[in-house]
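Take a look at the structure set out below.
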Amino acid sequence: MGGYPPYAGFTEFAIALGVILSAIVSLLGTSSRKRMIAQGEARLQDLSEMTGILDPKQLFAVFGPPDMGRVWRSVTLLDIRRARTPAGWLMSSDLVDYACILAAFIGIAINYWLVPLLLLGALGVQAAGWIVSARVPK
């Protein structure tokens, strides 16, 4: 992915920077959702993004109906982990985001012929997470 001498490595650096920023934003959103669930104020959006279950009827089947304030007070983070689907891992897994950040730093620090593939993989994971999270019910 190199380039001509003044811009050699610019593409890799730009991809790595984009992956790092995307993962940081994802980590911030995930931590706020985890805090809401831990406080007993889990909303439909929170549960949907944390589990990857995008259909509200399936969420009702897994977690039961919400209370009068449209929140689930009895759902815990362990319940979320048990119900998590692959889409939930893409949208709200700290491990996936940390792995993408690590891949981006490796892409910046190491010059090896497989590093661009690692960067493109991390970029693909982050892009897939954002695409799936656009389908979360409002």
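The values are calculated or read from the model by the stated rules, or taken from the named source; none is laboratory data. All values reported here derive from a predicted model rather than from experimental measurement. We place every Cβ from the backbone using ideal geometry, glycine too, and count neighbours over all the protein chains shown.
Details
- When Leu123 is tested against (1) surrounded by 13 or more Cβ atoms within 10 Å (Cβ to Cβ); (2) under 29 Å from Ala42 (Cβ atoms), just one condition goes unmet, and that condition is (2).
- Residue selected from segment 101-120 under the condition touching a Leu at 6+ places or on another chain (Cβ under 8 Å) and crowded, with 18+ Cβ neighbours inside 10 Å, by the criterion farthest from Ile15 (Cα to Cα): Ala103
- Residue match in segment 111-119 (condition: aromatic (Phe, Trp, Tyr) and either on the phi > 0 side of the Ramachandran plot or free of Cβ contacts under 8 Å to residues at least 12 places away in the same chain (or both)): yes
- Within segment 43-72, being basic (Lys, Arg) and more than 26 Å from Ser26 (Cβ to Cβ) holds for one residue alone: Lys57.
- Matching helices (runs of 4 or more DSSP H) fully within segment 1-100 where at least 1 residues are polar (S, T, N, Q), in contact (Cβ under 8 Å) with a residue 60 or more places away in the chain and crowded, with 17+ Cβ neighbours inside 10 Å: 10-38, 44-51, 86-92
- Residue match in segment 82-94 (condition: farther than 18 Å from Val132 by Cα and modelled with pLDDT under 95): yes
- For Arg84, the requirement of being of a type in the set (Lys, Arg) and farther than 26 Å from Leu123 by Cβ is not met.
- Of all residues in segment 56-69, exactly one satisfies the criterion of being under 15 Å from Gln39 (Cβ atoms) and among the charged types (D, E, K, R), namely Asp67.
- Being out of contact with any Ser or Thr (no Cβ under 8 Å at 6 or more places or on another chain), farther than 14 Å from Glu12 by Cα and among the acidic types (Asp, Glu) holds for only one residue in Asp94, Asp79, and it is Asp79.
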